[in-house]
1. If a/c stays under 1.5 just call it rounded; otherwise compare a/b with b/c (prolate if a/b is bigger, oblate if not). Do that for the range 1-62, with a ≥ b ≥ c from the square roots of the Cα gyration tensor eigenvalues.
2. What is the gain in length, in nm to one decimal, between Tyr34 and Asn55 on full extension, counting 0.36 nm per residue of separation less the C-alpha to C-alpha distance?
3. Normalising by the residue count of the range 1-62, find the relative contact order in percent from Cα pairs under 8 Å and 6+ residues apart.
4. Among Ser75, Ser41, Ser23, Ser31, rank each residue by its count of other Cβ atoms within 10 Å, from fewest to most, as a rough exposure measure.
5. Arg26: net charge of surrounding residues, Cβ under 15 Å, Lys/Arg +1, Asp/Glu -1, itself excluded?
6. Lys and Arg at +1, Asp and Glu at -1: add these up for the other residues within a Cβ distance under 15 Å of Phe59 and post the number.
Amino acid sequence: MGEIAALSTAKLPTPFTQKSLASALRPAIASKQYGYEDALSDLVAEAAIAVMPSNPKNFNVDNVRVVKVMGGSLSSSKVVQGMVFGKEPEGQEDPICVRALR
C-alpha cells in the first residue's frame, strides 16, 4: 500500500484553482479528445469551478451542461453562467429552392 502513495506525482491544492484543476483534467480529456485537451480542459475547469460547492465531495456533474450550437466551433466555445437551452433550427426548406440548387 505504501508503494501506491509513492507513485503520486502531483496533488491538487485546496481550494482548487482553475489552473490546477485544468492540469489534472488534461490527461483524461486527452484520452478522448486528443489534440483538443488544452482548450477543453480550460473550459471544463472554468465550468467546474463556477459550480463547485464548498465541499468538493458534493460536486454534482449534472450542474455542468454542454450544448452544441449549430455552425459553432471549438474555438468559439465559452462558459456561460445560468441556463442554456439547446434549440433546433427553425424554418422550413422550400422544395423549389432545393431543386434549383441541385
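1. Values: a/c = 2.01, a/b = 1.13, b/c = 1.78.
Here the range 1-62 falls in the oblate category.
2. Fully extending the segment from Tyr34 to Asn55 adds 4.5 nm.
3. 27
4. Exposure proxy ranking, most exposed first: Ser75, Ser31, Ser23, Ser41.
5. Residues near Arg26 contribute -2 overall.
6. Counting the neighbours of Phe59, the net charge comes to 0.
Readers should treat all values here as calculations from the given coordinates under stated rules, not as data from a laboratory. In this text the structure is predicted, and so the values were computed from the model without any measurement. Please note: Cβ atoms are built from the backbone with ideal geometry, for glycine as well, and neighbour counts cover all protein chains shown.
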